[in-house]
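Asker: Here it is, the structure, as structure tokens.
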Amino acid sequence: MSITITAFERSPDGGRGLARDTRVRWALEEVGQPYGVRLLSFAAMKEPAHLALHPFGQIPTYEEGDLVLFETGSIILYIAQRYGGLLPDEENARARAITWMFAAVNSVEPPILDLVVARMVEGEKPWASERLPLVMDRIRKPLAQLSARLGAADWLDGSFSAGDLMMVSVLLRLRASGLLDEFPNLAAYVARGEARPAYQRAFAAQLAINAPRAG
Ligand code: GTB
């Protein structure tokens with residue numbers, strides 16, 4: 001059955017791969033599944049046809065036969081469970097890899113999203129410069145803990161898994177802030193993720209759509 005995902009018609013990041021379709025593309029590339037992409041404008045995302053697929057009017061969605069999914073955590077877990085290669089076979093190791101997926105979206109990503117809001121939405125407020133250091137510190141705490149846990153390992157728990165895919169995807173959003181560089185093993189971890197051929201293919205596919213064009 002063919003797979004279709006949705007993505008921004010033109011991502012505001014201009015092809016830096018930060019919109020969440022990139023992580024879904026990456027998972028599909030890792031498991032070797034071809035997919036199609038339906039591109040949506042911001043307006044189209046809020047229309048009934050898309051709201052029927054995604055109640056919050058966002059991208060990405062995932063369609064395969066009768067199945068429609070939204071939320072990248074759920075989509076990537078589904079891909080990992082349906083197709084081999086992103087989750088260990090052994091039951092406990094599998095549960096731990098899934099735990100890392102949840103840790104990425106529940107424990108590490110929320111303060112990172114606060115930083116995006118602090119910069120992009122609240123940046124002009126009179127209290128913005130006072131708040132920013134607090135927001136940055138709230139990111140440093142889980143980063144320091146993650147860095148301690150990762151230590152000198154390549155991946156969070158044995159071989160590369162959907163847990164690493166999700167964690168690297170979340171951490172990538174921090175690159176421009178400089179915070180990742182405070183934790184060299186995390187910066188190297190993210191670079192290892194980005195160096196994977198599947199990530200490279202996913203990145204190139206979104207760049208082909210989003211790269212700024214002349215004129
Ligand atoms: N929890 C959901 C998930 O994980 O799937 C969140 C989905 C989500 O935030 N989707 C965003 C969206 O559709 C795109 S990815 N936004 C449009 C809207 O809400 O109207 C978030 C995103 C957007 C832009 C950049 N960027 O330009 O750097 C990065 C990430």
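Asker: In the list ARG175, ARG138, ARG149, which residue meets the criterion of being under 19 Å from ASN92 (Cα atoms) and either assigned by TED's automatic domain parsing to the domain that holds ALA118 or touching a Gly at 6+ places or on another chain (Cβ under 7 Å) (or both)? Walk me through it before giving the result.
Answerer: Details: ARG175 fails: under 19 Å from ASN92 (Cα atoms); ARG138 fails: under 19 Å from ASN92 (Cα atoms).
Criteria check complete, one pass: ARG149.
Asker: Quick one: in the stretch 2-45, of everything that is part of a loop (DSSP other than H, G, I, E, B), closer than 26 Å to PHE160 by Cβ and not small (Gly, Ala, Ser), which residue is farthest from the ligand (Cβ to nearest atom)?
Answerer: Quick first cut of the stretch 2-45, residues part of a loop (DSSP other than H, G, I, E, B) only: 2, 9-20, 31-35, 41.
Remaining after also requiring closer than 26 Å to PHE160 by Cβ: 11, 13, 15-20, 31-35.
Applying the additional criterion that residues be not small (Gly, Ala, Ser) yields 13, 16, 18, 20, 31, 33-35.
On the way: ASP13: 3, ARG16: 6, LEU18: 4, ARG20: 4, VAL31: 18, GLN33: 18, PRO34: 21, TYR35: 16 Å.
By that ranking, first place goes to PRO34.
Asker: Would you check if there is a residue in the stretch 15-29 being over 21 Å from LEU86 (Cβ atoms), in contact with a helix residue (DSSP H, G or I) (Cβ under 8 Å, 6 or more places away or on another chain), crowded, with 22+ Cβ neighbours inside 10 Å and aliphatic (A, V, I, L, M)?
Answerer: Scanning the stretch 15-29, I find no residue that is over 21 Å from LEU86 (Cβ atoms), in contact with a helix residue (DSSP H, G or I) (Cβ under 8 Å, 6 or more places away or on another chain), crowded, with 22+ Cβ neighbours inside 10 Å and aliphatic (A, V, I, L, M), so the answer is no.
Asker: Restricting attention to the stretch 45-56, report how many residues are surrounded by 15 or more Cβ atoms within 10 Å (Cβ to Cβ) and hydrophobic (A, V, I, L, M, F, W, C). Break it down stepwise before answering.
Answerer: Of all residues in the stretch 45-56, those surrounded by 15 or more Cβ atoms within 10 Å (Cβ to Cβ) come to 45, 50, 53-54.
Filter again for hydrophobic (A, V, I, L, M, F, W, C), leaving 45, 53.
Summing the residues that are surrounded by 15 or more Cβ atoms within 10 Å (Cβ to Cβ) and hydrophobic (A, V, I, L, M, F, W, C) in the stretch 45-56 gives 2.
Asker: Return the residues of the stretch 80-128 that are surrounded by 19 or more Cβ atoms within 10 Å (Cβ to Cβ) and not in a helix (DSSP H, G or I); say none if nothing qualifies.
Answerer: Answer for the stretch 80-128, where residues must be surrounded by 19 or more Cβ atoms within 10 Å (Cβ to Cβ) and not in a helix (DSSP H, G or I): LEU86, LEU87.
Asker: Related question: Residue check: is GLU130 away from the ligand (no atom under 14 Å from the Cβ) and more than 20 Å from the chain's Cα centre (by Cα)? Can you show your working first?
Answerer: Numbers: away from the ligand (no atom under 14 Å from the Cβ): yes; more than 20 Å from the chain's Cα centre (by Cα): yes.
In short, yes.
Asker: Hey, among LEU165, LEU207, which residue is touching a residue at least 12 places away in the same chain (Cβ under 8 Å), touching a Lys or Arg at 6+ places or on another chain (Cβ under 9 Å), more than 18 Å from GLY73 (Cα to Cα) and assigned to a helix (DSSP H, G or I)? I'd like the intermediate steps shown before the answer.
Answerer: Values: LEU165 fails: more than 18 Å from GLY73 (Cα to Cα).
None of the other options fit; the residue is LEU207.
Asker: Select from the stretch 81-105 the residues that are more than 13 Å from the ligand (Cβ to nearest atom) and either modelled with pLDDT under 95 or within 25 Å of LEU174 (Cα to Cα) (or both) and list them in ascending order.
Answerer: Here is the first cut: in the stretch 81-105, the ones more than 13 Å from the ligand (Cβ to nearest atom) are 81-100, 103.
Correct list: GLY84, GLY85, LEU86, ARG96, ALA97, ILE98, THR99, TRP100, ALA103.
Asker: Specify the residue that is farthest from ARG10 (Cα to Cα); the eligible residues are those in the stretch 192-207 that are loosely packed, with under 14 Cβ neighbours inside 10 Å and in contact with a helix residue (DSSP H, G or I) (Cβ under 9 Å, 6 or more places away or on another chain).
Answerer: Applying the filter and picking the extreme gives PRO197.
Asker: Now for a separate question. Starting from residues that are polar (S, T, N, Q) and within 13 Å of LEU186 (Cβ to Cβ), keep the ones in the stretch 136-166 and report whichever is surrounded by the fewest Cβ atoms within 10 Å (Cβ to Cβ).
Answerer: Initial filter on the stretch 136-166 (polar (S, T, N, Q)): 145, 147, 159, 161.
Adding the requirement that they be within 13 Å of LEU186 (Cβ to Cβ) leaves 145, 147.
Numbers: GLN145: 13, SER147: 18.
Among those that are polar (S, T, N, Q) and within 13 Å of LEU186 (Cβ to Cβ), it is GLN145.
Asker: Further question: Can you find even one residue in the stretch 53-70 that is touching a strand residue (DSSP E or B) at 6+ places or on another chain (Cβ under 9 Å), touching a residue at least 24 places away in the same chain (Cβ under 8 Å), assigned to a helix (DSSP H, G or I) and within 11 Å of the ligand (Cβ to nearest atom)?
Answerer: No - not one qualifying residue is present in the stretch 53-70.
Residues are listed down the side, and each one gets a yes or a no for (1) within 16 Å of TRP26 (Cα to Cα); (2) in a helix (DSSP H, G or I):
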residue	(1), (2)
SER147	no, yes
TRP155	no, no
VAL170	yes, yes
LEU180	no, yes
ARG192	yes, yes
ALA198	yes, yes
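The values are calculated or read from the model by the stated rules, or taken from the named source; none is laboratory data. Keep in mind that this is a model prediction, so the values were computed, not measured. All Cβ positions, even for glycine, are placed from backbone atoms using ideal geometry, and neighbour counts span all protein chains on display.
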